[in-house]
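Below is one structure; the comments refer to it alone.
The values are calculated or read from the model by the stated rules, or taken from the named source; none is laboratory data. As the structure is a computational prediction, the values presented were derived from the model and not from experiment. As a convention, Cβ positions derive from the backbone with ideal geometry for all residues, glycine included, and neighbour counts pool all protein chains shown.
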Amino acid sequence: MTSAPTKVPAAPSETAALRGRIGDSPLRPDGTLKVQGEFAFGSDLWADEMIWGVTLRSPHVHARIVSIDVGPALATSGVYTVLTAEDVPGGNVGLDHADQPVLATGVVRYHGEPVALVAADHPEIARQAAKKIRVVYEELPAVTDGRRALEPAAPQVHDGGNLLRHLKIRRGNPDPVAPVVVSLDFEVGMQDQAFLGPESGLAVPDDAGGIDLYVATQWLHADQRQICQALGLPPEKVRLTLAGVGGAFGGREDLSIHVHACLLALRTGKPIKMVYNREESFFGHVHRHPASLRYEFGADHDGLLHYAKAEIVFDGGAYASSTAAVVGNGGTLGLGPYNIPNVQVDCYGVYTNNPPCGAMRGFGCVQAAFAHEALMDELADRVGMDRVAIRQLNGMREGDRNITGQLIDSAAPVAELLQLVQDMPLPAERLSEDEFDLLSLPGGVSNTTHGEGVVRGIGYAVTYKNVGFSEGFDDYSTARVRLEITADEPTVTVHTAAAEVGQGLITVEQQICRTELGVQRVVVHPRDTQVGSAGSTSASRQTYVTGGAVKAACEAVRAKVLERASTMLDLELSELVLDGAQIVSITGDVVASLQDVLGTDAVDETVKWSHRPTYPIDPETGQGDAHVQYAFSAHRAVVDVDTELGLVKVIALDTAQDVGKAINPDAVVGQIQGGSAQGMGLALMEEIVVTDGRVRNPSFTDYLIPTILDMPPMKIEVLEYADPHAPYGVRGVGEPPTISSGPAVAAAIRRATGKALRRVPIRPEHITEG
Amino acid sequence: MRITTTVNGARREVDDVWEGESLLYVLRERMGLPGSKNACEQGECGSCTVYLDGILVCSCLVAAGQVCDRDIVTVEGLSDQQGLHPVQQAFIDCGAVQCGFCTPGLVVTAHGLLARTEHPTDPEIREALAGNLCRCTGYEKILDAVRLAADRLADTPAGSAGRLR
Ligand code: FES
Ligand code: FES
């Protein structure tokens, strides 16, 4: 790692023997269970008397429900109950807008919308029974194109029109001109999070009309709020515990099985397990918004950007989910990390009868990055400049203002990140035809080429992404930290509701507790709603926000312990330091043991912690301090393309990223590798194919994600320019790699082939045609 | 139907198995062995990989009725009283585990590779693991883990064969 000037607050306790503090890379505490198959994912849960729930989904894109006959399903032996919209006691659900019924009510608005539920003693019996539910539909005209949805004559998905949000940015000269003008239209297909562990959970009813739900999710408290809404129950009757989560990437921010399992459990009085299979998983969560983008850049002959215009349409599908916030990101960040004095952006989120779209890693920035990076290449070529140099020329620096007028008040190393990736050694030239290795060629062991027709290309991309929730959202986390002596050893228990989805937050919480309290043994409490909200595991925010809350709770515990010691020993509070198992005076003498001070008591503090506020943007000009922090990354991709067959082999995918402070350097690298793979997947292969609103490829046979053969080795450079506003200087890590990797791959393919390639994923026929 | 088979060295018998159930379902839901995972249930992801008579198979593609009187080893059967198998330990040590949903399948597949090939080359590792999807890691640390496990196994006195069933 390259260490840059940092301003990390000095750790209060410097016990040399302490292992696994911040900056170390301790192993994750759940690793042993996971490698043995003993870790309990949502789909592994089991309870006495448990029965199975399944969902019946709409086969239509837009239709009126004329009637539902559950009789034959209910009469099936082994079936306990069948539920429809009539059985839902409460209201609609939704992350931002409560616009989605728990079960379709009178109308279905997309292919796959839940219509009815069945509980039975075997999952296959439940599935067979669901097929016996007779639903009579009357099909309605549908709108399945984002731009068409805005036309006045388009079918309405909801009362109130198809426009979900229109974000405007107007900055500088409204009629800018420039000597060099480049423009493009770009299309981004619908990507799926494709987490490996399908949606799953177990709902266990109690004797008092309440419920315990164990579920794989990203935000327990947002789930709880919506479940309460749908069931008409108070929060104390709806208790959630995080089950093991098999990846998330945004796809678990909305509800899936949650209310359905609870409804079935409350009705039958039995624990209900629900596990989607892969096909249902494709219908069971929101996807990344497909986008249609129209961009124009004006620059002078030296490549300096003078103006930018962008029109972006995000297809939100049938329900809002987080579309409004995705529009917020796409609009405010959609021109990339560049200084542009004159700006006009119109960013729209629309309802259609396509599958609902919402959060996915990169959240609105991914789609835009394909467009702005393709256009930067075009501009470079037009003015005859190097593609890296033109980005460095226009790249933001600390102290600049972005297109919403917000001051970039910590590091913005755009030029440096690009330089780092450009300076990394390039992979070896392709081996000659007699010593080639099939695996390193496009087409691999399909043996489609021995090198003939194969051309190499190099592409670059850079991005920036907001960290945390924006535009005035009350973004906080809560942490409870307890210090006590157990079995003669100081022990810390840290309790948050922050979802561990695989990223390693539980390790980070342990590291922070060790660092702040000097205690080796840190127990991570199961995540549940018995403690306050931690906010969502999304927006690359948990190390920052829940990390901040844990740090603050540790500080509160430390202060309490020292107060106790000061009273007990009759010493000045300011002269005492907590150092693991000891209380030490500022001169370094041990004045008491923690055991003496605590006895059998525990010091237990809960802190709600917020990052500095953000603000809504002006509705007419889009100006405002919308975001709390920015994270930057750059990628360089090297590809070999078989131009005859249109097959692509990514040879290298190298990156540099500023993470502020790497709390767990190994985990940071893991995030960068995994995030880069997802961005590459969107560039090359990942798309939910939706034809007239119908999903055509809901399986891992037809929806492809990168395998170990697709993923090249990566060189990774991590910068640590501390953000003075953030705990320990951290910057969110998870999302930037997914944003800049795909556009770099696309750029490399364009470079290799000379084709415009204005759509991702880039399919073989795009390369070979015309 | 009734199924009698050997799982992780122990004789197991389960009743009332419906003919349509897969080996994966029987392991997970009837034998209390949920370590093998169900990411696709159509042979595309490798998360359900087990040994069947010493051969790696996707247990989601094996009908329960096919396993009568055969020998199955699942991820739960790889560690023993002495602790984790070196492949498992290497996955932990290299940070090859994030969410861990792919991990049981990858551990079993890597175990199979190292049983066949003492020092696999990178292309051999990639080819052997090509049927196992991981969405979290980008695979780089998984490669590290397999390389490390190969080295460690070569260093153990019995060699790799000594630790493999
Ligand atoms: S669950 Fe068997 S291969 Fe995916
Ligand atoms: S670690 Fe999550 S799928 Fe591999």
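The figures follow:
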read-out	value
Residue match in segment A:554-574 (condition: closer than 30 Å to A:VAL366 by Cα and modelled with pLDDT of 95 or more)	no
Odd one out for B:CYS45 among (1) within 13 Å of chain A (Cβ to nearest Cβ); (2) closer than 20 Å to A:THR32 by Cβ	(2)
Selected residue (criterion: nearest to the other protein chains (Cβ to nearest Cβ)) from residues of segment B:22-33 that are more than 18 Å from A:SER281 (Cβ to Cβ) and within 13 Å of ligand 1 (Cβ to nearest atom)	B:LEU27
Some residue of segment A:729-736 being surrounded by 19 or more Cβ atoms within 10 Å (Cβ to Cβ), closer than 21 Å to A:ALA371 by Cα and within 20 Å of the chain's Cα centre (by Cα)	yes
Restricting segment A:38-71 to residues that are among the small types (Gly, Ala, Ser) and either more than 30 Å from A:VAL118 (Cβ to Cβ) or in a helix (DSSP H, G or I) (or both), the residue that is farthest from the other protein chains (Cβ to nearest Cβ)	A:GLY71
Per-region count, segment A:37-62, residues without any contact (Cβ under 8 Å) to a residue 24 or more places away in the chain and surrounded by 21 or more Cβ atoms within 10 Å (Cβ to Cβ)	1
Which numbered condition B:LYS37 misses (of (1) within 16 Å of ligand 2 (Cβ to nearest atom); (2) more than 10 Å from chain A (Cβ to nearest Cβ))	(2)
When residues of segment B:53-76 are limited to those that are facing another protein chain (nearest Cβ under 9 Å) and assigned to a helix (DSSP H, G or I), the one farthest from ligand 2 (Cβ to nearest atom)	B:GLU76
In segment A:669-709, the residues that are touching a strand residue (DSSP E or B) at 6+ places or on another chain (Cβ under 7 Å) and facing another protein chain (nearest Cβ under 10 Å)	A:VAL669, A:ILE672, A:SER676, A:MET680, A:TYR703
Where B:THR103 falls short, out of the listed (1) at the interface with chain A (Cβ under 7 Å from one of its Cβ atoms); (2) more than 20 Å from B:VAL73 (Cβ to Cβ)	(2)
Members of segment A:169-208 found to be among the polar types (S, T, N, Q), outside any loop (DSSP other than H, G, I, E, B) and more than 16 Å from ligand 2 (Cβ to nearest atom), listed by number	A:SER183
Residue identified as over 19 Å from A:GLY31 (Cα atoms), out of contact with any Pro (no Cβ under 9 Å at 6 or more places or on another chain) and of a type in the set (Ser, Thr, Tyr) among A:THR496, A:THR529, A:THR515	A:THR496
Any hit, segment B:124-136, residues being within 16 Å of ligand 1 (Cβ to nearest atom), modelled with pLDDT of 95 or more and either β-branched (Val, Ile, Thr) or in a helix (DSSP H, G or I) (or both)	yes
Matching option when the condition is in the same structural domain as A:ARG763 (by TED's automatic domain parsing), in a loop (DSSP other than H, G, I, E, B) and of a type in the set (Asp, Glu), among A:GLU452, A:GLU416	A:GLU452
In segment A:278-302, the residues that are crowded, with 21+ Cβ neighbours inside 10 Å and part of a loop (DSSP other than H, G, I, E, B)	A:HIS285, A:VAL286, A:HIS289, A:PRO290
